[in-house]
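Please read the structure below before turning to the comments.
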Amino acid sequence: MLDLLLEDAEFRHTVAGGAIGYKELLDRFARVEEEVEGYGMPDIYFNNGRTTCIEIEMLFGRGAEPIQEMKQRLIDKKMSGSSVEQWIVMENYTMYRHLKELIRLWKELRKSNNAVRFFTLDVVKEDLIPLAKFARLAISVFKDAQEIV
């Protein structure tokens with residue numbers, strides 16, 4: 001998450017200035033389970049000039065069609081007038097299991113001007129991997145496995 005925050009000019013300026021360390025910076029910007037006006041209560045959000053709401057999704061216990069249920073929640077949040085940037089973070093297995101549906105959903109939401117960013121985890125680098133990059137990695141691994149068999 002820090003790498004993505006570093007894309008923000010104010011965040012970079014604060015870090016470069018050395019005024020405070022990363023932990024203090026995250027403590028200043030990131031909030032957990034707090035109400036965001038017009039959005040509801042995301043798992044995590046940060047506001048450093050713009051509000052980004054982060055939902056951690058496991059998709060277990062969400063019924064027979066968890067992607068459809070998530071889609072409806074995302075659309076409802078956008079229709080409520082919320083102007084926040086929405087991020088959905090999933091662990092790798094869940095993203096891989098629903099990869100085709102998630103790509104379809106991401107494209108559909110993008111066309112309807114409802115920009116949602118999907119991420120999974122890079123455990124080794126302690127970073128987030130965007131959906132498109134994860135899809136390319138999954139396809140590459142699948143092709144490599146086919147060559148072995």
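The values are calculated or read from the model by the stated rules, or taken from the named source; none is laboratory data. Quantities reported herein were computed from a predicted structural model and do not represent experimental measurements. With ideal geometry, Cβ positions are generated from the backbone for all residues, glycine too; neighbour counts draw on all protein chains shown.
Here is the figure for region 4-30: residues that are surrounded by 11 or more Cβ atoms within 10 Å (Cβ to Cβ) and modelled with pLDDT of 55 or more total 7.
Residues in region 105-149 that are basic (Lys, Arg) and free of Cβ contacts under 8 Å to residues at least 24 places away in the same chain were compared, and the one that is nearest to TYR39 (Cα to Cα) is ARG110.
Counting only helices (runs of 4 or more DSSP H) that fall entirely inside region 31-131 and contain at least 3 residues that are at pLDDT below 80, the qualifying elements are 66-79.
For region 99-149, a residue qualifies if it is over 15 Å from ILE88 (Cβ atoms) and of a type in the set (Ser, Thr, Tyr), and the qualifying residues are SER112, SER140.
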